[in-house]
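Heads up: the structure comes next, in structure tokens.
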Amino acid sequence: MLGSTDQVTSPESLVREHARFVFKVAYGVLRNGHDAEDVVQEVFLRVHRSGAKDVADARAWLARIAFRVAIDRLRKPQTAELGDLDLASSEPDAEHLALRREQVEKVQKLIAALPDELRYPLVLSAMEELNSRQIAEVLGISESAARGRIFRARQILKEKLSALMDGKP
């Protein structure tokens, strides 16, 4: 079927190898675990129906499909509530876990407050570890625009995090 090498990959191994990655892309856009799971199913259904072969970069191709399906899902009217981030940890210190959850929530809110044109490239870069060429392909923009948007998003986050640390609203 599809693979990032010259080998033919079975649909099962494709799902096994890339399902978590596709989920993370969808979650980065939707910020809802249940919706992201639905997107994962839709992505692999589309891949199965297309019978695609000989894709040069499977991660970028799957990220593009996941991103588009997630965006389509955002455009539909929804009544679902925002999902929670699972911070399961083996650490027994409840105070540490609560502090960590609070920090993650603050960063998530700052990222969510970014305009879509900056948030999407940042999520694809930082969380999904796609390079600027892959991000450009997923978003349908130039590679230099992708790099510029990632840079601007990071600068905005840096400024806002600094302000939070200094106690400013």
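Only the coordinates and a few stated rules stand behind these numbers; no lab work does. Model, not experiment: these values are computed from the prediction. Don't worry about glycine lacking a Cβ; one is built from the backbone with ideal geometry, like all the others, and counts go over all protein chains shown.
Residues whose amide H falls under 5 Å from that of VAL55, counting only those 5 or more places apart or on a different chain, are GLY3, with hydrogens built in the peptide plane.
Using the Karplus relation 6.51 cos²θ - 1.76 cosθ + 1.60 with θ = phi - 60°, the per-residue 3J(HN,Hα) values for segment 34-48 come to 5, 5, 5, 5, 4, 5, 4, 4, 5, 4, 6, 5, 5, 4, 4 Hz, with x marking Gly and Pro. Ranked by the mean number of other Cβ atoms within 10 Å of their residues, highest first, the peptides 28-36, 15-23, 156-164, 139-147 come out as 28-36, 15-23, 139-147, 156-164. Take the Cα of SER162, step 7 Å toward its Cβ, do the same at ASP57, and the gap between the two points is 3.2 nm. Charge dipole of segment 90-169 (Cα centre as origin; +1 on each Lys and Arg Cβ, -1 on each Asp and Glu Cβ, all else neutral): 360 debye, rounded to the nearest 20. For segment 135-143, putting each phi into the Karplus relation 6.51 cos²θ - 1.76 cosθ + 1.60 with θ = phi - 60° gives couplings of 4, 4, 5, 5, 8, x, 10, 6, 5 Hz, in residue order, rounded to whole numbers and with x for Gly and Pro.
In plain terms, the chain from SER142 to GLN41 could stretch by 33.5 nm, reckoned as 0.36 nm per residue minus the Cα-Cα distance.
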